[in-house]
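*Asks:* My structure is below; once you've seen it, I'll send some questions.
Since every read-out is calculated from the coordinates, none of them should be taken as a lab result. Computed from a prediction, not measured in an experiment: that's the story for all the values here. So basically every Cβ, Gly included, is an ideal-geometry build from the backbone, and we count neighbours across all protein chains shown.
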Amino acid sequence: MTQTAEQAASTTTIEPIPHWIGGEPRIATGGRTAPVFDPALGRQIREVPLASADELGEAVAVAKAAAAEWRDTSVAKRQQVMFAFRELVSARRQQIAELITSEHGKVVSDALGEVARGLEVVELATAFPLLTKGEFTENVSTGVDVYSLRQPLGVVGIISPFNFPAMVPLWFAPVAIAAGNAVVLKPSEKDPSAAVLIAELYREAGLPDGVFNVVHGDKEAVDALLTHPDVAAISFVGSTPIAQYVYETASREGKRVQALGGAKNHMLVLPDADLDLTADAAVNAGFGSAGERCMAISVVVAVESIADELVERIAAKMAGIRTGDGRRSCDMGPLITQVHRDKVAGYLDVATADGATLVVDGREAEFDGEPDGFWLGPTLVDHVEPSSAVYRDEIFGPVLSVVRVASYEEGMALIASNPYGNGTAIFTNDGGAARRFQHEVEVGMVGVNVPIPVPVGYFSFGGWKSSIFGQGKAYGPHGYQFFTREKVVTSRWLDPSHGGLNLGFPQN
Ligand code: NAD
């Protein structure tokens, strides 16, 4: 007898996802849980435990004990672990990507790109002996030398968002670990499995038990991490209100904090831009990962003289986007949850109520997937006013707004007045205009004819204004600064000439 899809779904067992503590999976029993969905199927596939403060505390205690040994493990050994981890992530990238797709919904090719960008940081972390070398000055005074060391912080907490379940943990953990810290990662409860797979790969790479731990949860676990006295630092990525909350709470507890927040990224298009290439860029950067990227372009700022033609070309290219199940070679997958899908779709009503024009309405799109999936097709909204919530809010979905401006200056004023400052791009063939833009714009990551200017691993990633709070950006040189603290030693080796009383302040 053949089963209907509904019967199959109802008889499928829901897999519990384990925490990862002390080098092994830990199935939580009896506590709170949350469902994990496959967004393309629109049904629950796994269940994630939501840790209590006590469970979180247990992981911190394990990490603290491991950190004490790990910091004294030779640099060569730590580097070997990083090289082995790099090989394993590279070899298992397809498995990681498919796991991401099953819980996040992004298409597999995009998930592979996420793993590749995470790998860049692992590769950077293999170079940590070079990057954390101290400095030495001989004879600052006769027979006195001064040198600096960089030492790990101890236990560090990482709290990551749903939209990059592998890449964001890999922005921080490899650098933290290579520098000699132990990590407690609290991944997003919406797509937590990639973090556990990463933990398995660390173990396979030879990382000692307890140096990398994963504790699932929600606000309760986050609050426990932010206030735990044995956690020295917090790296957070997520929405701006939570980033600000994390920054304020953990800073009050005396911790070092970096908290990367939300975004509203503008792409300024000048009249001399190549409109065909610009339209490609807007479509790729607006609808990749269904717009659920902190570096997605969500606002095209078009100078009026080319706006009609640009909108026409963007709309034409959007017709080629195949929305559907990420395992079926589609271009764009579903949104993360039904609630989020409905919230994003709600902005399309706001757009028309506010007098904007719905050029392409994603609610009418066809999709290649199960009917219960969290589908919304790519949407293009023209004539958006900066006073509309469609412009002001971070929608975080496949909705591309076009705001028309009279000039470069008006476009710049719009970008400057926006509270976010994560990424931006200018499209032009005028080198002088591009140089002026990169000099003047108040945004942390800038593209010149590059719509998603995510810095490579050996630079650092982070925005400005309300897109970041706290100390330093992610990975690159900032990463090493963040996960180590400097100690400066002044040293002399005493001989009989150094005797005698002298209560004065030391001088050279
Ligand atoms: P989110 O802020 O809802 O959640 C992020 C993390 O915080 C999750 O682990 C979540 O469990 C936890 N959290 C949620 N609510 C909390 C609360 N009230 N108290 C304590 N912890 C809480 O973000 P999200 O929806 O998972 O991710 C999307 C957001 O992340 C977007 O705003 C996006 O722009 C942003 N983001 C920013 C960057 C960046 O580099 N700036 C990168 C990726 C994503």
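*Asks:* Over the Cα atoms, compute the radius of gyration (one decimal) and Dmax (the largest Cα-Cα distance, rounded to a whole number) for the chain, in Å.
*Replies:* When restricted to the Cα atoms of the chain, Rg and Dmax are 25.0, 99 Å.
*Asks:* Sticking with this structure for a sec: May I ask you to derive the relative contact order of the chain, considering only C-alpha pairs under 8 Å and at least 6 residues apart, and to give it as an integer percent? Display every interim value, and only then the final one.
*Replies:* Numbers: 1173 pairs, mean separation 91.4, N = 508.
The normalised contact order for the chain reaches 18 percent.
*Asks:* Expressed as an acute angle from 0 to 90° and rounded to the nearest 10, what is the orientation of the C-alpha long axis of helix 167-178 relative to the principal long axis of the chain?
*Replies:* That works out to roughly 10 degrees.
*Asks:* Further question on the same structure: Here are some pairs, Lys219/Lys264; Lys186/Lys343; Lys219/Lys465; Lys64/Lys255; Lys264/Lys343; Lys77/Lys133; which of them have Cα atoms lying more than 21 Å apart in this structure? All intermediate terms of the calculation are to be shown ahead of the outcome.
*Replies:* Working: Lys219/Lys264 25 Å; Lys186/Lys343 25 Å; Lys219/Lys465 25 Å; Lys64/Lys255 15 Å; Lys264/Lys343 17 Å; Lys77/Lys133 16 Å.
Beyond 21 Å between Cα atoms: Lys219/Lys264; Lys186/Lys343; Lys219/Lys465.
*Asks:* Now for a separate question. How much length is gained if the chain between Arg322 and Tyr147 is pulled fully straight, taking 0.36 nm per residue apart and subtracting their Cα-Cα distance, in nm to one decimal? Numbers along the way, then the final one.
*Replies:* On the way: separation 175, 0.36 × 175 = 63.00 nm, distance 5.86 nm.
Taking 0.36 nm per residue and subtracting the Cα distance, the gain is 57.1 nm.
*Asks:* For the range 383-507, taking Cα atoms only, what is the radius of gyration to one decimal and the Dmax to the nearest whole Å?
*Replies:* Here Rg and the maximum Cα pair distance are 24.2, 83 Å.
*Asks:* Any chance you could give the angle, 0 to 90 degrees and rounded to 10, that helix 431-440 forms with the longest Cα principal axis of the chain?
*Replies:* 60 degrees
*Asks:* More than 16 Å apart: what percent of Cα pairs in the range 196-249 qualify?
*Replies:* Values: 753 of 1431 pairs.
Within the range 196-249, distances greater than 16 Å cover 53 percent of Cα pairs.
*Asks:* If you don't mind, there's one more thing I want to ask. If one takes the longest principal axis of the Cα atoms in the chain, at what angle in degrees, from 0 to 90 and to the nearest 10, does the Cα axis of helix 275-287 lie?
*Replies:* 70 degrees
*Asks:* A further question follows. Please arrange Phe287, Phe83 by counting, for each residue, the other beta carbons lying within 10 Å of its beta carbon, fewest first. Walk me through the intermediate numbers first.
*Replies:* On the way: Phe287 27, Phe83 15.
Ordered from fewest to most neighbouring Cβ atoms within 10 Å, Phe287, Phe83 come out as Phe83, Phe287.
*Asks:* In whole Hz, with x marking every Gly and Pro, tabulate ³J(HN,Hα) for the range 48-56 from phi via Karplus 6.51 cos²θ - 1.76 cosθ + 1.60, θ = phi - 60°.
*Replies:* So the Karplus estimates, Gly and Pro as x, are 10, x, 10, 5, 7, 4, 5, 4, 4 Hz.
*Asks:* I would also like to ask the following. Would you pull out the residues with amide H under 5 Å of Val303's amide H, same chain only if 5 or more places away, H placed 1.01 Å from N?
*Replies:* When sequence neighbours closer than 5 places are left aside, the close amide H contacts are Val269, Val405.
*Asks:* Can you check what the Kirkwood hydrodynamic radius comes to for the range 38-134, Cα pairs only, in Å to one decimal?
*Replies:* Details: mean 1/r = 0.0610 Å⁻¹.
Final number for the Kirkwood radius of the range 38-134 is 16.4 Å.
*Asks:* Could I ask something else about it? Measuring from label point to label point, each 7 Å out along Cα→Cβ, what is the Ser387 to Glu440 span in nm?
*Replies:* Output for this residue pair reads 2.5 nm.
*Asks:* Taking every pair of alpha-carbon atoms in the range 11-58, what share in percent sits in each 5 Å bin, from 0 to the bin with the longest distance?
*Replies:* Taking all Cα pairs of the range 11-58, the binned fractions are 5, 19, 26, 23, 14, 8, 5, 0 percent.
*Asks:* I'd like the distance between the alpha-carbon centres of the range 97-172 and the range 259-283, rounded to an integer number of Å.
*Replies:* Between the Cα centres of the range 97-172 and the range 259-283 lies a distance of 28 Å.
*Asks:* Would you calculate the separation in nanometres between label points at Val489 and Arg363, each defined as 7 Å from the Cα along the Cα-to-beta-carbon direction?
*Replies:* According to this spin-label approximation, the distance is 6.8 nm.
*Asks:* Determine the shape class of the range 179-223: with a ≥ b ≥ c the square roots of the Cα gyration tensor eigenvalues, call it rounded for a/c under 1.5, and otherwise prolate if a/b is greater than b/c, oblate otherwise.
*Replies:* Values: a/c = 3.22, a/b = 1.55, b/c = 2.08.
Note, shape of the range 179-223 comes out oblate.
*Asks:* I would also like to ask the following. Can you work out D for the range 265-448 in µm² s⁻¹ from Stokes-Einstein, where Rh is the Kirkwood radius over C-alpha pairs, the temperature is 25 °C and the viscosity is 0.890 mPa s? Working shown, then result.
*Replies:* Details: Rh = 16.4 Å.
Rounded, D is 150 µm²/s.
*Asks:* Kindly write out, for the range 215-221 in residue order, the coupling ³J(HN,Hα) from the Karplus curve 6.51 cos²θ - 1.76 cosθ + 1.60 (θ = phi - 60°), rounded to whole Hz, with x marking Gly and Pro.
*Replies:* Couplings: 10, 7, x, 10, 4, 4, 5 Hz.
*Asks:* Kindly put Met318, Met332, Met412 in sequence by how many other C-beta atoms sit within 10 Å of each C-beta, fewest to most.
*Replies:* Details: Met318 23, Met332 26, Met412 20.
Result, fewest neighbours first: Met412, Met318, Met332.
*Asks:* Semi-axes of the equivalent ellipsoid for the range 85-201, please: Cα gyration tensor eigenvalues, times 5, square-rooted, ordered largest first, whole Å.
*Replies:* Details: eigenvalues 267, 41, 19 Å².
Ellipsoid semi-axes (Å, largest first): 37, 14, 10.
*Asks:* Something else: Starting from the Cα-Cα distance between Asn139 and Ile14, subtract it from 0.36 nm times their residue separation and give me the gain in nm to one decimal.
*Replies:* Working: separation 125, 0.36 × 125 = 45.00 nm, distance 6.70 nm.
Roughly 38.3 nm would be gained on extension.
*Asks:* Between Gln44 and Glu220, 0.36 nm times their residue separation minus their Cα-Cα distance comes to what?
*Replies:* Working it through step by step, the gained length comes to 61.1 nm.
*Asks:* Could you tell me the extents of the range 273-346's C-alpha atoms along the three principal axes, largest first, rounded to whole Å?
*Replies:* Each principal axis gives a Cα extent; for the range 273-346 these are 39, 26, 20 Å.
*Asks:* Could you work out Rg/(2.2 N^0.38 Å) for the range 233-322, with Rg from alpha carbons only? Kindly include the intermediate steps, with their values, before the conclusion.
*Replies:* Details: Rg = 18.1 Å, N = 90, 2.2 N^0.38 = 12.2 Å.
Rounded to two decimals, the normalised Rg is 1.49.
*Asks:* Give me the percent relative contact order of the range 265-448, please, defined on Cα pairs under 8 angstrom at least 6 residues apart.
*Replies:* Details: 361 pairs, mean separation 52.0, N = 184.
Reported as a whole number, the value is 28 percent.
*Asks:* So for Ile415, Ile100, Ile27, fewest C-beta neighbours within 10 Å to most, what's the order? It would help to have the intermediate numbers written out before the result.
*Replies:* Working: Ile415 23, Ile100 26, Ile27 9.
Least to most surrounded, the residues fall as Ile27, Ile415, Ile100.
*Asks:* Work out Dmax and Rg for the range 330-390 from the C-alpha atoms and quote the Rg first, both in angstrom.
*Replies:* Every Cα atom of the range 330-390 included, Rg and Dmax give 12.3, 37 Å.
*Asks:* With θ taken as phi - 60° and the coefficients 6.51, -1.76 and 1.60, list the Karplus ³J(HN,Hα) couplings across the range 486-498 in order, rounded to whole Hz; mark glycine and proline as x.
*Replies:* Ordered by residue, 3J(HN,Hα) equals 8, 10, 10, 10, 10, 9, 9, 9, 5, 9, x, 5, 8 Hz.
*Asks:* Would you please name the GluC sites (Glu not before Pro) within the range 243-295 that are DSSP coil residues with at most 15 other C-beta atoms within 10 Å of their C-beta? Don't skip to the end; give the middle numbers.
*Replies:* Working: sites: Glu248, Glu253, Glu292; in loops: Glu253, Glu292.
Filter output for the range 243-295: Glu253.
*Asks:* Here is a further query. List the residues whose amide H sits under 5 Å from the amide H of Val257, counting only those 5 or more places along or on another chain, with H placed 1.01 Å from N in the peptide plane.
*Replies:* Hits under the 5 Å cutoff: Ile234, Gln471.
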